[in-house]
Every structure is written in C-alpha cells, then in structure tokens.
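Quick notes on the structure that follows.
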Amino acid sequence: MKTKAAELIEQEIKRRGPMTFARFIDLALYHPTYGYYSRSVARRGRSGDYFTSLQVSPLFASIFADALSAMRDQMDSDHFHLIEVASGGGEFLETLLGLLEREKKLKGLHVWAVDKSRAARDLLFRRLSRFPKTHVVSSIDEVETVGGLEGCIFSNEFFDAIPFHRLVYTASGFRELWVSLKEGEMVEEAGPLSEGLQGSVDALGAVSFVKGQQIELRPEAESTMAQWGSLINRGFVVTVDYGYPREELFRPDRLKGTWFCYRKHEAHERIFEAIGDQDITAHVDFTRLARAGLPSGLQPALFCSQGVFLSHVGRERIERVLANPPGGTLPGGNLKDVSSSIQQLIHPEAMGEKFWTLIHAKGIKLPDLFAGIPNRLRRLGCQLS
Ligand SMILES: C[S@@+](CC[C@H](N)C(=O)[O-])C[C@H]1O[C@@H](n2cnc3c(N)ncnc32)[C@H](O)[C@@H]1O
C-alpha cells in the first residue's frame, strides 16, 4: 500500500514534472504531516531504525560537557550560549545539562534545543523544561541573542540528515538524477542539472571521477554553516557526523555514492519503498563543510575521528567509569556493558572512525584540553593554525 508521503510526491510530479532527489528526500523526511521525522521523534535505538552515539552511552554527552566547560573557560565570559541543532529526542542536552547542574555550572548558560520536527520538540519540552534558561525552537532563526552569539553551536548527525541531490558522471560531465513516473511507478532518470547546482559542481575542483560514478551534493549544508558563522560573534561550531574528506568520499570504488535508507536496522537502497516511513541519509563532505564557514569568519581548527576526540578529552572520565561502573539495577550499568558501549563509541571499526569531529572557531583559540589531539585538518586541505 502506498504511503501518504508517496501519494503527495506522485501528485507533485504529475503537476510539475520530475523532481530532484533533494526535493523528494525533503518531502519524504520533512513533510510537516507525513515526513519520516515529522510523524514521530527520530526512531533511534534498539526498537527504532538506527543507533546514534546518544543511544549507545551517556558518556558521549558527558565528555562533550567537559569539552564545553573548557570552551566556556577559554571564552572567559559571564554568558555562554549553547545551541544544539537537530536535538532529536533530547538525550544529549538532558545528560549534558544534568551533569553541569550537578557540577553547579549552569549559571550564565543559555541553551537552545533546535529541531524542525514537531514531535521532537514536544519531547524536548518535556525533557528539558526543568533546566533554567533552556528554550526549544524549530529553527536557529528563532534564537535571540543580544549583540551576537558568544558560545557554541553543536550538532550530532545533523548534516547527514540534510536532503541531497544525486548526480551521475557521464562522457559530457555531470548529469542530475531526477525522480520521475513511469507506468505509475517512481523511477530515477538522468537529466540536466537543476537550477543553481552548477556552482556546487564547479566547486568540486580537481577531483577525478569515472564514467557512471554517482555522487551526492548538499548545497544546503554549506549555506547552513555560512549562516552559523554569521550568527556567531565569538565562539565555536562543533560538528559530529559520518563522512570523509573529499578525496575519500568521491573514491571511484564508491560507484553508487554513499546514500542509504534505514529501516528497522536494515541499510538498503530501496528508496521508493516505505516513503515517509524510513530514513534516507548520505555521508558528509567534510572538506566542503570545513571551508564553508570561512567567508563568515569560521576558521577550521580541529578535525579528528570521534574515537580520538572522546578518548583524549574523556580519558579521565572513561577511567573513572571503568573503575566504578554505575552497576546496580541500572540497565547497561555493569562493567561488561559499560566497556562494550565505550568500545562501540571509540573503536575504529565501530563508531570511532566512522564518525568525525570537526571544530570551527571564530575569534577565539581552542582550549588547552584539546592540545595533543592528533589534528587531521590537512586531510581537508586546511592549514593548521
Ligand atoms: C539523525 S537525527 C539526529 C538526532 C540527534 N542529534 C541524535 O544524534 O540522536 C536528525 C534530526 O535532525 C532534525 N533536523 C533536520 N533538519 C533540521 C533543521 N534544518 N533544523 C533543525 N533540526 C533539523 C530532524 O528533525 C531529526 O530530529
């Protein structure tokens, strides 16, 4: 049976002709009523469609709480703004703010949880309302700061959730893949680039492609990073996501690109199935993201794997938890469970090297806590400062 989202997409194609995959994914994930992320809070965890680091262990948010405190000390200002974009179910902020509350570090902290999904915002209100100066909004445009933002914009798995265009390399250069209808069924077909996409193709620079190679492009990721840069007066942007430096992302052996659909923990390519009832995602081009903030003053400052970041910044915290696991009746609280969730976050073959941490800074240096982290910025073609 066709989903409501599928019916809407078909109607639009009948009315206006073939649509880009960016438009298709936007409707499938974010249609205000029938989109995957609008119908319910991101379905993560064992009973959902996929895991993010936040369901693996509260250590992820706890270590970022330490990182945030170090950034705040570095800023040495009475007021610090923390904006989490794509807060989903709110696990990150709930853990982080709970910890800072216990450490009596909430004073002067202003927090915004941003999520475009109504269902997510309802849950965020419930989970975060006990914390002072914490707001839940649908867009970063609603964040109000007087005299520019001083603080940090954080996101985990936000950029991979931005809709993307799909392209194929041919003898005459790149063509875009469009969603069309054939005998009443959705099909993909190659056509000219949609309006405005040529600039994104030109910016690929000297990467070489093989005929038939498919790639994804997300111009919205760059404009978003540039917008964040212009919002920040002084501070940091911390991005955690899966992806690669450009040369690796567009390796010719990734002939079909990196996109996938996720449903009930199965990764598959049946993109025209269960529309609005499954996630659709693709890896992030960290080279592009690193440079996207430059015009608005965001300087790429650190790029390392999630595993390296967590194990450096969180070394003491991890040692403490392993020496004294929460235990008792807490689910996952015994030593075996705790060490396996740490492995899951940090081990290169689990999430440790699949996910990367990119930090931009504007008008401020990185805190000393991050000194000694092997910095892979050169892999993104950026200078180490
Ligand atoms: C993959 S989930 C990640 C949720 C959470 N950060 C985590 O790691 O579990 C992506 C989230 O991004 C939200 N989202 C997508 N585009 C957004 C936008 N432009 N502004 C705010 N939230 C957005 C979706 O509603 C969804 O909750």
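Would you work out the relative contact order for the chain, in percent, from Cα pairs under 8 angstrom that are 6 or more residues apart? Walk me through the numbers on the way to the answer.
Working: 714 pairs, mean separation 74.0, N = 385.
The normalised contact order for the chain reaches 19 percent.
How many angstrom separate the Cα center of segment 174-234 from the Cα center of segment 292-309?
Here the answer is 22 Å between Cα centres.
What number, in nm² with one decimal, is the all-direction average of the projected area of the convex hull of the alpha-carbon atoms of segment 262-321?
On the way: hull surface 30.0 nm².
The Cα convex hull of segment 262-321, projected and averaged over all directions, gives 7.5 nm².
By what distance, in whole Å, do the Cα atoms of the chain stretch along each of the three principal axes, largest value first?
62, 46, 44
No value in this document is a laboratory result; all are computed from the given coordinates. As the structure is a computational prediction, the values presented were derived from the model and not from experiment.
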